[in-house]
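What follows draws every value from the coordinates through simple rules; no lab data is involved. These numbers were taken from a predicted model, which means no experiment stands behind them. Because the Cβ atoms are built from the backbone with ideal geometry, glycine has one as well, and the counts that use them run over all protein chains shown.
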Amino acid sequence: MVRRGFLFVAILLVAFPVAYATDPPASWKRERVVGKKPNSAISFRDGTKDDAKSFAFRGVYPIKVRGERDGWLRVFDGYREGWVKQDEFVRLRDAPVYFTDRVKADPDDAWAWLMRGYGWHDQDEYDKAIRDFNKAIRLNPKDAAAFGARAGARAAKQEYGKAIEDYDEAIRLDPKNAHLFSCRASTWCDQQDYDKAIKDHDEAVRLDPKRAEAFHRRGFTWADKDEYDKAIRDYTEALRLDPNNADVYHLRGDAWADEREYDKAIKDYDDAIRLDPGEVAAFDARARAWTAKKEYGKAVQDYTEAIRLAPKDAALFVSRGCAWRDQKEYDKAVRDFTDAIRLDPKDAFAYHNRGFVWDVTKEYDKAIKDYTEAIRLDPKEPSLFVSRGCTWREMKEYDKAIQDFDKAIRLDPKEASAFTNRAETWAAKKEYDKAIQDYTEAIRLDSSDIGSLVRRGNAWAAKKNPDKAIADFDEAIRRNPKDATVFACRGYAWGLKKNPDKAIADYDEAIRLDPSDANSFSNRGWAKYEKKEYDKAIRDLDEAVRLDPNLGDGYGNRASARAKKKQYAEAVKDFEEAIRLAPELDWVRRDYALFRAACPDAKYRDGKAAVALAEKAIALAGADADWEYFAALAAAHAEVGAFDKAIEAQKKSLADKSLDAEDRSRMTARLKLYEQKKPYRDE
């Protein structure tokens, strides 16, 4: 859980994770206020008419205004909601100016020094606040509230030891003050000393079980400990005591969201907004819950309302941009990220997100430019280097990609995504040993990372080590038996082990889980080809290209199956289409080379074309060019009568240690043909 930033001072203060850029409102509603005079002199009533019932005011400052009417303010003093006279209060943001006049007029006015200190604290002027609290303490050394206020300012400066000392003194002076125990608990929480924090919260609840704040703050500490069920229980009790507290509805919503109970979270955010429809944070939080439910349209609506309330807040534009991006509305996303940058040109996050959209739209130069600017603004953020590295990889600038992943790892050696992405780059460079090493480290850092487990399996398969590949796929399936992709990957590994039946069984399951996956149909078709079930293979391959008319693999596999059925003209069309769609597929050129060299029908043989195809296939495959590639080249040379070259290529094929006994026997027979100056025919 990412902690939501309460700043606890000896006051009743609720804050949220983002400070939203809004213009100061003319209304007092939602303003935090302090009293111009001590509580005993404050009028507190259950209504605004003359016959309203009065109560003792027990508020702890600052207090948030919940409503206003005809010169009266509706507030909650910790026990009940009621009305106070507006002219007896001052906005917290105006407190430094107002109380400066007071202390000039009467330097011994301890109340004025205390209230001005609260005002300085609100403006993050902690040293000024502490100086004022010091003055209040000198004037009234038995004022527990002044020690508590100074403790809060010291905690804000992360001077936790001094803060605890002040809270200790405040509690010594007023040992039955539940609020002080709640505040000290929050400082323990800031230091992640949760046992002491909970102990203080428990004491606050024991001392004053009717004060909502005690449950509210303890709930926040439970949430900080990721014990959301306990947090929700305390928030619920706080709401029973104070049912109109929009902030606590918001916090309980956050706890439900952390539990992934998004419908319950949204219901609480609804109540927060109902009670305080001007609270930007509640719209922001509800939008995040809609996003988690993948209801991006509703998320956009809430972000739009938040932006209407806070049109100068760059972070809201970034969030709405992300929602547009999730809907694939990339132009709108870019507009929002650009607006965020206009509002805050130093926001690395906005550049990062805009770069990501450029990446998705394959505008890689723009992506690199934005990622580079984000890195300039925040050079110690490893995720920025990871993102730029991914774009370099898409551009096939593998060395630059690896440099960025290296930087990310230096910045944070525990960043699993950096190892995962560097591994993918090594795999793209066909340096599978390095890829496996990085995937292994990523898995060590994040044992829940199934993706790296599957990719490591693929790397083992690329190294022609199907047993280790299958072991990784088995573990991935054990963890997530509903992932079609993993079954498809394991099917491929079974194919490497020349076990087409198990391969087909895995492809069957992959297709059951995801009947729209063209690749699984293509690969199952190839497994059936290996079983010489050519009609069944072609049916699967027909379905593959129907599902994805741009699937080069499907056309390439179908070409080979059609060749076996002597559908030579159709085979040529499929080979050509496969190369047109996926010119990087080296194995398609290899198989087409063999077809052009060894087709039983002379009409379709073309030795020169076969040599060119085979040589290009080997160049594309690089270190992955195995015995099949050199066998195809040998057949092509034999077809043009270059038997010396054919013999040389065929011997390279036979030198491949991955050849099994059956294939070695076939390749040896071909070598004998070439030594007899006879071409090979794929009868």
| note | With R₀ set to 35 angstrom, the calculated FRET efficiency between the beta-carbons of Ala56 and Asp127, to the nearest 0.05, is 0.50
| message | Calculate the FRET efficiency for Val360 and Lys142 from the Cβ-Cβ distance with a Förster distance of 45 Å, rounded to the nearest 0.05. | response | 0.10
| Across the range 325-334, in residue order, what do the Karplus-derived ³J(HN,Hα) couplings come to in whole Hz, using 6.51 cos²θ - 1.76 cosθ + 1.60 with θ = phi - 60° and x for Gly and Pro? | 4, 5, 8, 6, 8, 5, 5, 5, 4, 4
| Counting pairs of alpha carbon atoms under 8 Å apart in space and at least six apart in sequence, what relative contact order in percent does the range 261-382 give? | 15
| request: Taking every Cα atom in the chain, find the radius of gyration and the maximum pairwise distance Dmax, and write them in Å. | output: 35.3, 119
| field | Rough spin-label spacing in nm, given labels placed 7 Å along Cα→Cβ, for Ala428 and Asp70 | value | 7.1
| task | Quick one: dipole size for the chain, taken about the Cα centre, charges +1 on Lys/Arg Cβ and -1 on Asp/Glu Cβ, in debye to the nearest 20. | result | 960
| task | Would you give the gap between the C-alpha center of the range 276-296 and the C-alpha center of the range 28-97, rounded to a whole Å? | result | 30
| task | Take each of the peptides 625-636, 307-318, 425-436, average the number of other beta-carbon atoms within 10 Å over its residues, and list them starting from the highest. | result | 625-636, 307-318, 425-436
| query | For Asp46 and Lys532 in the same chain, what is the full-extension length gain: residue separation times 0.36 nm, less their Cα-Cα distance, in nm? | reply | 166.1 nm
| note | Put in order of increasing Cβ neighbours within 10 Å, starting from the fewest, Glu88, Glu639 give Glu88, Glu639
| request: Would you mind checking which residues have amide H under 5 Å from Phe89's amide H? H placed 1.01 Å from N; only 5 or more apart, or other chain. | output: Lys36
| the chain, relative contact order in percent, only Cα pairs under 8 angstrom and at least six apart counted | 5
| Listing Thr48, Thr668 from the residue with the fewest other Cβ atoms within 10 Å to the one with the most, what is the order? | Thr668, Thr48
| task | Determine the shape class of the range 586-683: with a ≥ b ≥ c the square roots of the Cα gyration tensor eigenvalues, call it rounded for a/c under 1.5, and otherwise prolate if a/b is greater than b/c, oblate otherwise. | result | oblate
| query | Among Val454, Val97, what is the fewest-to-most ranking by other Cβ atoms within 10 Å? | reply | Val97, Val454
| message | For the ranges 644-654, 473-483, 108-118, what's the packing order if you count other beta-carbon atoms within 10 Å of each residue, average per peptide, and put the highest first? | response | 108-118, 644-654, 473-483
| Dipole-positive endmost among Ala661, Ala614, Trp587 within the range 586-683 (Cβ charges, Cα centre) | Ala614
| Label-point gap, in nm, between Lys414 and Tyr160 - each point 7 angstrom along Cα→Cβ | 1.6
| request: For Lys176 paired with Asp226, estimate the spin-label separation in nm (one decimal), with each label point 7 Å from Cα along the Cα-to-Cβ line. | output: 4.1
| note | Per the rule of 0.36 nm per residue minus the C-alpha distance, extending Glu259 to Asp195 adds in nm 20.8 nm
| query | Using the per-residue mean of other Cβ atoms lying within 10 Å as a proxy for protection, in what order, highest first, do the peptides 548-559, 129-140 fall? | reply | 548-559, 129-140
| query | Can you flag which of Lys369/Lys407; Lys298/Lys366; Lys366/Lys396; Lys37/Lys64; Lys49/Lys85; Lys64/Lys298 are past 20 Å Cα-Cα? | reply | Lys298/Lys366; Lys64/Lys298
